[in-house]
Amino acid sequence: MKALVVEDDAQMHKSLCRALARWGFATASAMDGPEALAQWQQLCPAVVLLDLSLPGMDGLNVLQQGRALGLTTPVLLLTARGTVGDRILGLNFGADDYLAKPFDLDELEARLRALLRRVQSTPPASLDRPRSLGSLVWEPSGAAFYCGEEPLGLTPREAALLRALVERPNYAHTKEYLNEVVFKHEEVQQDAVEVVAHRLRKKLAACGVTIVTLRGIGYLIKAAA
């Protein structure tokens with residue numbers, strides 16, 4: 001289970017990573033706001049520990065932009081800001097919990113475990129319901145895709161790519177991940193998914209959605225402007 005640690009104080013950062021490793025987490029790190037947002041998008045961690053006071057972009061902006069991008073990872077705010085207003089603002093922006101500095105590591109572990117239990121116990125009943133983006137409609141239970149009411153004629157690889165993208169709209173998926181989803185264990189070039197994405201983009205042109213190429217990262221799908 002991976003945790004993203006976003007903290008610009010080197011000593012605090014080191015302490016958090018050591019503690020998380022003891023608790024069985026693999027850790028990824030960011031020490032400023034832009035790096036935090038990029039790592040959050042790319043890595044899809046199980047939980048984010050997010051400091052509010054960061055260089056480049058503060059934690060509230062990271063949180064707000066992440067939620068706007070559709071990132072649903074549970075976020076635990078770490079804050080030295082003492083005002084109730086800051087904490088309320090963080091929760092309103094989409095944080096799941098907060099812990100004021102200085103804090104006890106045992107309490108941090110307890111908060112993390114409780115947070116992850118809440119996420120894991122959320123009923124998945126809604127996952128099988130038809131969902132939509134623009135006029136693209138998909139039924140997860142039957143893996144069927146429609147443009148309005150018309151079925152989309154997709155090859156198995158196109159369907160695999162579209163399924164991976166629409167499971168998390170507005171989320172950046174890496175080429176490495178999408179290659180694995182589309183081609184399984186076949187030996188293909190790293191950019192092989194580009195050909196599938198190109199064909200799929202044409203088939204989706206009338207559906208009110210677009211596949212966006214993120215240079216150096218991969219792709220995301222979103223409603224067309």
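The values are calculated or read from the model by the stated rules, or taken from the named source; none is laboratory data. Keep in mind the model is a prediction, meaning the values are calculated, not measured. With ideal geometry, Cβ positions are generated from the backbone for all residues, glycine too; neighbour counts draw on all protein chains shown.
Screening Tyr177 against (1) more than 25 Å from Thr73 (Cα to Cα); (2) surrounded by fewer than 19 Cβ atoms within 10 Å (Cβ to Cβ) leaves a single unmet condition, (1). Taking the range 20-41 as the range and being closer than 24 Å to Ala110 by Cβ and touching a Pro at 6+ places or on another chain (Cβ under 7 Å) as the test, only Ala28 passes. The number of residues in the range 142-198 that are of a type in the set (Phe, Trp, Tyr) and either not in a helix (DSSP H, G or I) or not assigned by TED's automatic domain parsing to the domain that holds Ser132 (or both) comes to 3.
Only one of the numbered conditions (1) under 17 Å from Leu52 (Cβ atoms); (2) loosely packed, with under 11 Cβ neighbours inside 10 Å; (3) modelled with pLDDT of 85 or more is not met by Asp106, and that is (1). The listed residues are Ala192, Ala164, Ala205, and the only one of them that is out of contact with any Cys (no Cβ under 9 Å at 6 or more places or on another chain) and either at pLDDT below 80 or more than 23 Å from Leu133 (Cα to Cα) (or both) turns out to be Ala192. The set of residues in the range 151-174 being among the acidic types (Asp, Glu) and crowded, with 16+ Cβ neighbours inside 10 Å consists of Glu158 alone.
Checked against the criterion of being buried (at least 21 other Cβ atoms within 10 Å of the Cβ), of a type outside the set (Ser, Thr, Tyr) and under 30 Å from Pro169 (Cβ atoms), the candidates Leu54, Leu69 yield just one match: Leu54. Of all residues in the range 117-159, those that are under 25 Å from Ala206 (Cβ atoms) and either modelled with pLDDT of 80 or more or not acidic (Asp, Glu) (or both) total 30. Taking each residue of the range 160-173 that is under 14 Å from Ala223 (Cβ atoms) and touching a residue at least 24 places away in the same chain (Cβ under 8 Å) and looking for partners that are among the aromatic types (Phe, Trp, Tyr) and surrounded by fewer than 23 Cβ atoms within 10 Å (Cβ to Cβ) with beta-carbon atoms closer than 6 Å, six or more apart or interchain, yields Val166/Trp138. Exactly one residue among Asp8, Asp32, Asp51 is among the acidic types (Asp, Glu), closer than 23 Å to Gly218 by Cα and touching a Leu at 6+ places or on another chain (Cβ under 7 Å), and that residue is Asp32.
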